[in-house]
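The values are calculated or read from the model by the stated rules, or taken from the named source; none is laboratory data. Here the structure is a predicted model, which is why all the values come from computation and not from measurement. Methodologically, a virtual Cβ is constructed for each residue, glycine included, from the backbone with ideal geometry; neighbour enumeration extends over all protein chains shown. Side chains are part of the model used for accessible areas, which takes the heavy atoms of the whole protein and leaves out ligands, DNA and RNA. Shrake-Rupley method; radii C 1.70, N 1.55, O 1.52, S 1.80 Å.
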Amino acid sequence: MNDAPPILRVTQPNDIPDAGLDLVADVVVIGSGASGAVMAYELSRDGAKVVVLEAGPYLPSTEFTEHTPTAFETLYQDHGNQTNTTGDLIVLQGKCIGGSTVVNAAACFRTPDQVLEHWRTEHGLENLSPEALAPYFEKVERNLSIHQNEPHEVNYNGRLLLEGAAKLGIPASPATRNVKNCALSGHCLAACRTDRKQSMLVTYLPWASELGATILSGTRAETFEVNGRRITAVNAVATGAEGREKPVRVEAGLVVVAAGPIQTPLLFQKNELANSSGQIGLNFACHPSLAVLGEHASSIYAWVGASITAHAGDVENPLLGGYLIEAAAAGPVSTSSSVDGGVGPDFVDFMQRSKNMQSAVTLIHDHNVGRVYLGDDGQKKIEYDLDDRDFESLRRALRGTARIYFAAGAKRVFLPTTRRTTIESADEIDSVIKSLTNGKHKYRLTSYHPQGTMRMGADPTKSVVAPDGRCHDLDNVYVPDASLFPSSIMVNPQVTVYAMASYIADEIKARG
Amino acid sequence: MKHRLHRRTFTKLSLLSGGALVVPAIGAAPVRASNGFVLSADDRMLIETFAEAMLPTEGTSLKPQSEVPIADNVAHALALLDDPVLEQVRLGFKLFDYGAFLVGFHFKRFVNLSIEQRVDYIHRWEDGIATQRGIVDLLKKLTYLGYWKDLEAARAIGYLGPVSVAGGVPNLGNAPMPPSDPKP
Ligand SMILES: Cc1cc2nc3c(=O)[nH]c(=O)nc-3n(C[C@H](O)[C@H](O)[C@H](O)COP(=O)(O)OP(=O)(O)OC[C@H]3O[C@@H](n4cnc5c(N)ncnc54)[C@H](O)[C@@H]3O)c2cc1C
């Protein structure tokens, strides 16, 4: 086995002297995920001296274990325990060199035209038409080997979704992913052990590094030094062995805050900066996702094969009640925790039959009803409860999934409620779905796609970030991460983030 | 029988769906418990008696529940939580355990109920107010994680676990830098 770790030069906290570091650069990028990595590469390519600060650790792929619980501990924000204030929604984000791209499921979609049109009419983003963004989509698709799954990359679980949808006339197709010669381990969420997922760890970050960018891991940006409408330096803390903290200061002419949709607004709030609109932290959305299992008479082994193999639903109409169903790998931990199999003998029986379960997750376009802020106790708060309108969309998605499962031959469907709820036949679908009501701690909700807390828009009184990615209130500060989405997009967001970051980098280059 | 608890400011139960709540089993750097957390005897008893009710593995093809260190795994997982969250989790444990005392189970705590009574009690909390639903769901998820993190337990249902190293799948390394991107 070729176990040579992929080459990435990273300054880790233990490499930093106790007295700390004082760096001078053209650009400082906070965060090394989807948006930060693209910005670092694009600006390095333009000749800028770039420093990237990443709060999470550096783990080369040879240290990935394909053991999801271990990955949660080592690669995820709050060790996988980040939740809303109610406690009934897990909000997953990567926290490592490469950010969420290292642990994501690799599904790829362009931003639906309908969403871009909404951004144009409601938020004044005339510049982000499908035509204007097309070259950026093409570029990242090329750079990240994005392609539709080949037939061998669609496992039995995926084929069942395609077959069931075809019988009902619901649009469906094999998934599109950023992978190269996928080894089909099914462990995307535990990070790709063999570098086949084209995450930032094996693409844009090594490319930026090759062009001279300096990348620091375990280094959390905390405060900004400000002079008028400019941030002149970023102060960070590198946390080394035994928790020893070392100061890192980076002076730069341009600041890119790409810390993701939870941490970016918190950084600005903490520094009381760029919030003349009062919108920082507001408009949080997250694509609340639910899993649905369908029991078949024979084995399916949904956990064998690619993590996402196929999808069904009305991808083009997110704002008109569309939903997306993605056939997804589910090991025992997620099988047991995403739907309720019951208690005692019921649960044991359910798990013994888990290899017979068809498995998928649903995605919806949710409204921007949430808020991210620092509480009085200094702790971050993610306020988000399911809006009734979004609950209706979830119901539609659950109904659609159940119909597809029965059409594909399922004999029973398990719903993602906190008390076991099953649908025993296709005739029961409507009555069971109708009986579901919105409420706290009633559903097993997960967000893989937080977004929207630094809204982009043309009107500085209603948005934080201008159409070119620059903060309305600051002259040298850009935000390219998922926090700038003016509304939720329903589809998996990484390609939108990559394309927007590429676009913003070009805006910066054009400004000179 | 009604069994309502007053709604409390029990706001943040960490519902850990995905799985940090597990011992790092396979060669990862151990995560240190920053808060020095140790599971109390009461809490350990609660986890163990809850798991007995949730997972009656005897006579099935599953790995015997008693052979998986569920409570230790849960303890490790709880040690990763921030202190304020951990405090609420422990409060939740207490409410659940002593709640049985209050709602007519002959003045017994949950840990002292028979298996059938425990299952009945779990169902009552599933149908309770949001706080009760949150607490019982947390206990379930802790149990799932404490049990299924064990690879032998997972393999008993046909799950493969890690495959790439065992299968000799080579690393691809970094992708080559794109030649020179044409300007869009
Ligand atoms: C489990 C999971 C599965 C997913 N699956 C898919 C999928 O299949 N398809 C898809 O399109 N999308 C998927 N996503 C979402 C996608 O990966 C994200 O939308 C995207 O990566 C967001 O990019 P970003 O730049 O906004 O943030 P991130 O990629 O999350 O990067 C932010 C980085 O900033 C760092 N940071 C935070 N605060 C600081 C600070 N103060 N100082 C320094 N660094 C800081 C963080 O540690 C993190 O590494 C998934 C996400 C997860 C978590």
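General remarks:
- Dimensions in Å of the stretch A:351-430 - Rg and Dmax from alpha carbons: 17.0, 53
- Projecting the Cα positions of B:G168, A:L363, B:L55 onto the charge dipole of the protein assembly as shown (unit charges on Cβ atoms of Lys, Arg, Asp and Glu, taken about the Cα centre) puts B:L55 furthest along the positive direction.
- The amide H of A:V52, built 1.01 Å from its N in the peptide plane, has A:V29, A:T214, A:I215, A:L216 as neighbours under 5 Å, considering only residues 5 or more places off or on other chains.
- Taking 0.36 nm per residue of separation and subtracting the Cα-Cα distance, full extension of the segment from A:R244 to A:D459 would add 73.0 nm.
- Where B meets A: accessible area buried, both sides, 1.4 Å probe, Å²: 6400 Å²
- Averaged over the residues of B:137-150, the number of partner chain Cβ atoms lying within 10 Å of the residue Cβ comes to 5.
- Our analysis of the stretch A:464-507 gives Rg over Rh at 0.97, with the two radii drawn from alpha carbon positions and Rh computed by the Kirkwood formula.
- Cα centroid of the stretch A:91-138 to Cα centroid of the stretch A:444-512, whole Å: 9 Å
- Calculated [222 nm] ellipticity per residue, helices only, for chain A: -8000 deg cm²/dmol; basis is -39500 (n - 2.57) per DSSP H run with n ≥ 4, divided by all residues, nearest 500.
- Nearest-20 debye value, the stretch A:1-71 charge dipole, Cβ charges on Lys, Arg, Asp, Glu: 160 debye
- Bridging of A:K434 to lysines at a Cα separation below 19 Å is possible for A:K442, once same-chain residues fewer than 8 apart are set aside.
- Heavy-atom accessible area with a 1.4 Å probe sorts A:Y498, B:Y98, largest first, into B:Y98, A:Y498.
- Chymotrypsin sites (Phe, Trp or Tyr not before Pro) restricted to the stretch B:135-164 and DSSP loop, no more than 15 other C-beta within 10 Å: none
- The stretch A:385-451: relative contact order as a whole-number percent, Cα under 8 Å and 6+ apart: 32 percent
- Taking the accessible area of the stretch A:13-64, probe 1.4 Å, and keeping the other protein chains in place, the carbon and sulfur fraction comes to 49%.
- Net charge dipole, the protein assembly as shown: roughly 860 debye, given to the nearest 20, about the Cα centre with Cβ charges of +1 for Lys and Arg and -1 for Asp and Glu.
- Using a probe of 1.4 Å on the protein chains alone, the accessible area found for A:F406 is around 30 Å².
- Taking only Cα atoms of the stretch A:136-221, radius of gyration then Dmax in Å: 17.0, 54
- Rounded accessible area of A:Y301 (nearest 10 Å², 1.4 Å probe): 80 Å²
- Of all aspartates and glutamates in the structure, the ones whose alpha carbon falls short of 20 Å from that of A:K246, not counting any fewer than 8 places away in one chain, are A:D15, A:D18, A:D22, A:E54, A:E222, A:E225.
- Interface residues in the stretch A:43-75 - accessible area drops by 40 Å² or more relative to the isolated chain, probe 1.4 Å: A:R45, A:T65, A:E66, A:H67, A:P69, A:T70, A:F72, A:E73
- Whole-Hz couplings from phi, Karplus 6.51/-1.76/1.60, listed for the stretch A:326-338; x for Gly and Pro: 10, 5, 9, 5, 9, x, x, 5, 6, 4, 6, 9, 8
- Unit charges on C-beta of K, R, D, E only; dipole of the stretch B:53-130, Debye: 240 debye
- Shown for the stretch A:325-351: residues covered by the partner protein chains by 30 Å² or more of accessible area relative to the chain by itself (probe radius 1.4 Å), namely A:P332, A:V333, A:S336, A:S337, A:V343, A:G344, A:F347, A:V348, A:M351.
- Relative contact order for chain A, counting Cα pairs under 8 Å that sit 6 or more residues apart, in percent: 23 percent
- Rounded to 5, the percent of DSSP beta bridges in chain A classed as antiparallel: 70 percent
- Checked against a 26 Å cut-off, the cross-linked pairs A:K380/A:K462; A:K411/B:K149; A:K380/B:K141; B:K108/B:K141; A:K49/A:K139; A:K49/A:K462 give Cα-Cα distances beyond that limit for A:K411/B:K149; A:K49/A:K462.
- Sulfur and carbon atoms: percent of accessible area, the stretch B:31-157 [1.4 Å]: 52 percent
- Shape category assigned to the stretch B:31-157 from the gyration tensor of Cα positions, a/c cut at 1.5: oblate
- For A:Q82, residues with placed amide H under 5 Å, excluding near neighbours: A:V91
- Relative intensity of the stretch A:83-168 on a log10 scale, I(q)/I(0) at q = 0.12, 0.13, 0.15 Å⁻¹, equals -0.68, -0.79, -1.00, per a Debye sum over C-alpha point scatterers of equal strength in the absence of solvent.
- Multiplying the residue separation of A:E138 and A:S425 by 0.36 nm and removing their Cα-Cα distance gives an extension gain of 98.9 nm.
- For chain A, the per residue solvent-accessible surface stands at 32 Å², with DNA, RNA and ligands left out and a 1.4 Å probe.
- Accessible area per residue, Å², the stretch B:31-157 with all protein chains present, probe 1.4 Å: 39 Å²
- Once the gyration tensor of the Cα atoms in chain A is diagonalised, the equivalent ellipsoid follows with semi-axes of 37, 24, 21 Å, ordered largest first.
- Database remark: amide H of A:C96 closer than 5 angstrom to the amide H of A:G56 (H placed geometrically; neighbours at sequence offset of 5 or more, or on other chains; Pro and chain starts carry no H).
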